[in-house]
Amino acid sequence: MSRKPSFANLRGATPPPAAAPAPRAKAASVPEPVAAPPARPVSREGRKQIAGFFSPDMSLAMHMLARRQGRSLQALMAEAFNDVLRKHGESPIGD
């Protein structure tokens, strides 16, 4: 499993110069095309994001545990959320 590249090495780097947009002739009666929303990956269909901010130590510990167990961070978070639901008398969801 390969790691994602770090963006830390990009700090302080100057961005490449932006290309100047080509001039467009504007017709008065033609409306601007509406951009279609980006397609959602199939793996995210019917799902909602749950996010939080944690200390760097918590982040490192969770990532290391996931790596040692050969599981995703999302799988560990689902397990933790199910444990919290059980603790408070709710039914665990499962994924």
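Ala39 versus Leu76, label points 7 Å from Cα toward the beta carbon: distance in nm?
3.3 nm
How much accessible surface area, in Å² rounded to 10, belongs to the heavy atoms of Glu90 with a 1.4 Å probe?
The accessible area comes out at roughly 110 Å².
Could you work out the Kirkwood radius for segment 24-95, taking every pair of different alpha carbons, averaging 1/r and inverting it, reported in Å?
16.3 Å
Please list Asp83, Asp57 in order of solvent-accessible area, largest first, computed with a 1.4 Å probe with all protein chains present.
The ranking, largest first, comes out as Asp57, Asp83.
Keeping all protein chains in position, work out how much accessible area Arg86 exposes to a 1.4 Å probe, and write it in Å² to the nearest 10.
Number for this one is 130 Å².
Summing Lys, Arg as +1 and Asp, Glu as -1, what charge do residues with Cβ under 13 Å from the Cβ of Leu65 carry, Leu65 excluded?
It works out to a net charge of +1.
The values are calculated or read from the model by the stated rules, or taken from the named source; none is laboratory data. On a predicted model such as this, the values are computed, not experimentally measured, just so you know. With ideal geometry, Cβ positions are generated from the backbone for all residues, glycine too; neighbour counts draw on all protein chains shown. The area values use the complete protein model at the heavy-atom level, side chains included, leaving out ligands, DNA and RNA. Shrake-Rupley method; radii C 1.70, N 1.55, O 1.52, S 1.80 Å.
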